[in-house]
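A short write-up of the structure that comes next.
The values are calculated or read from the model by the stated rules, or taken from the named source; none is laboratory data. Note that this is a predicted model, so its numbers are computed, not measured. All Cβ positions, glycine included, derive from the backbone under ideal geometry; neighbour counts span all protein chains shown. We work out accessible area using only protein heavy atoms, side chains counted, and drop any ligands, DNA or RNA first. Shrake-Rupley method; radii C 1.70, N 1.55, O 1.52, S 1.80 Å.
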Amino acid sequence: MSAATRFLRACRRQPTDRTPVWIMRQAGRYLPEYRTLRARHGFLELCKTPELAARVTLMPIERFPVDAAILFADILLVLEPMGVGLEFAAGDGPIIRRPVRTRADVDALARVPAAEGLGYVLETVRLARERLADRVPLIGFAGAPFTLASYVIEGGGSRQYRHTKTLMYTDPAAWHGLMERLSETVVEYLQAQVAAGAQALQVFDSWVGCLGPDDYRAYVLPHMRATFAALAASGVPVIHFGTGTAALLELVREAGGDVIGLDWHVDLADAWRRLGYDVAVQGNLDPVALFAPVEEIRRRVGRILERAGGRPGHVFNLGHGVLPETPLAHVGALIDAVHELSARD
Ligand code: CP3
């Protein structure tokens, strides 16, 4: 079996010769070749130049035997055509110039088809697919409605999500209106990525772990169900990723997705039992474990594989994105350890 099929088979819970592995944020700053390119171009400029974005998508594939490529783009790009004023300021992270805080702000959001507002991402998908030449599958992605809403409402990253929760609790109609708009936008965008050649999709709900179960059920679950129900028709496996979701796993499962992302706060075997074995799982090494000595990394990889118990349907990954300072040799050691320790042929 080749690396070309391992990842997609595992997403569908079919047996594989080895456990497939890829790394969230593998197309990014821990790579010196990315930093070299980035020194000459702004981040948005890179995203908006398909030739360069396709090149970054393939960078980790040229360097490591990972089992999937992820499109080089960003979850926040989808917000720009809505008219909120997206910027990536050096050192400050993303900024939304015109945050959405009221029902009127929600109603003022522009509706632009992905083919028009995000045509450059779709072109990157086409170029990357062509250049991958079926060596490994290409994962497309988008942010989940809650995580996107948090950026749009806060105006950038946040620690307490005060404005987000305030809108939720004081004007639920405006909140649900915003979540519906984001869900529709994300579904249309992801369907366009599949039409352009994406072979799997990941929905990033990176910050949903800030909610308790009752709030998740009331304010997020209906929109996630709608999102995953619409994506089920796309014909490609869909990964549902979140962090801090230990207390939400049953609800995350209820929301949907063929593969559920697990961060490192949960034991993989316990989490899989809670989710049910009729869904695949992805994870769950602590990204900071990559700063440990190689022998310790191998030991931890072995432990996670042991917790997966050789059951079909495990995609190895970190529990969250790889950190920019991560030693490259340790990333290579991780990939090799997963393949060697899980070899079933
Ligand atoms: O995974 C990949 O390698 C593909 C590309 C990708 C990027 N961002 C490139 C990027 C993906 C899948 C993302 C997703 C993303 N973006 C998420 C969800 C994943 C997660 O980590 O939870 C979030 C929350 C964002 C929003 C975002 N984009 C932030 C907060 C920042 C600044 C801080 C940071 O982490 O870098 C970005 C910028 C960004 N996105 C960079 C890259 C390579 C760095 C930009 C640079 O080169 O300066």
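The Cβ shell under 14 Å around LEU275 holds other residues with a net charge of -1, Lys and Arg each +1, Asp and Glu each -1. The length gained by stretching the chain between GLU33 and ASP286 to full extension, at 0.36 nm per residue less their Cα-Cα distance, is 88.6 nm.
Taking Cα atoms only, the orientation of helix 221-232 departs from the longest principal axis of the chain by about 60 degrees. Averaged per residue, the chain has 39 square angstrom of accessible surface, using a 1.4 angstrom probe with ligands and nucleic acids left out.
Considering only ALA53, ALA200, ALA271, the Gaussian network model of the chain with Cα springs below 10 Å gives its largest mean-square fluctuation to ALA271. Counting only protein heavy atoms and a probe of 1.4 Å, the accessible surface of the stretch 3-342 is 51% carbon and sulfur. In this rough spin-label picture, where each label sits 7 Å from Cα along the Cβ direction, the HIS176-ASP345 distance is 5.2 nm. Given springs between every Cα pair under 10 Å in a Gaussian network model of the chain, which of GLY302, GLY212, GLY83 has the largest fluctuation? Sorting by GNM fluctuation, first place goes to GLY212.
Placing pseudo-labels 7 Å out from each Cα toward the beta carbon at ARG311 and GLU254 gives an inter-label distance of 2.1 nm.
Sort LYS48, LYS165 from largest to smallest accessible area, using a 1.4 Å probe on the heavy atoms of the protein chains. Could you put the intermediate results ahead of the total?
On the way: LYS48 80, LYS165 45 Å².
Heavy-atom accessible area, descending, gives LYS48, LYS165.
Neighbours of GLY256 by Cβ distance under 12 Å: Lys/Arg scored +1, Asp/Glu scored -1, total -1.
Between ARG217 and ARG299, the modelled label-to-label distance comes to 4.2 nm, taking each label 7 Å out from Cα in the direction of the beta carbon. If the chain linking ALA233 and ARG162 were pulled fully straight, counting 0.36 nm for each residue of separation and taking away their Cα-Cα distance, it would gain 22.0 nm. For the set THR57, THR185, THR36, solvent exposure ranked by accessible area (probe 1.4 Å, protein chains only) runs largest to smallest as THR36, THR185, THR57.
Computed with every protein chain present, the accessible area of THR245 is close to 10 Å² [probe 1.4 Å]. Summing charges over all other residues whose Cβ lies under 10 Å from the Cβ of ARG38, with Lys and Arg as +1 and Asp and Glu as -1, gives +1.
Dipole magnitude for the stretch 3-342: about 280 debye, using +1 per Lys or Arg Cβ and -1 per Asp or Glu Cβ, origin at the Cα centre. With the charge dipole of the stretch 3-342 set up from +1 on Lys and Arg Cβ and -1 on Asp and Glu Cβ about the Cα centre, the Cα lying farthest toward the positive end among the listed residues HIS330, ALA280, VAL56 is that of HIS330. Taking the charge dipole of the chain about its Cα centre, with +1 at Lys and Arg Cβ atoms and -1 at Asp and Glu Cβ atoms, the residue from PHE72, THR5, VAL84 reaching farthest to the positive side is THR5.
Just need the relative contact order of the stretch 200-300 here, percent rounded to a whole number, with Cα pairs under 8 Å and 6+ apart. Don't skip to the answer; put the middle values down first.
Working: 143 pairs, mean separation 25.4, N = 101.
Over the stretch 200-300, the number comes to 25 percent.
At the listed q of 0.08, 0.11, 0.13 Å⁻¹, the Debye profile of the stretch 161-302, built from one uniform point per Cα, gives log10 I(q)/I(0) equal to -0.25, -0.47, -0.64.
Divided by 2.2 N^0.38 Å, where N counts the residues, the Cα radius of gyration of the stretch 3-342 comes to 0.94.
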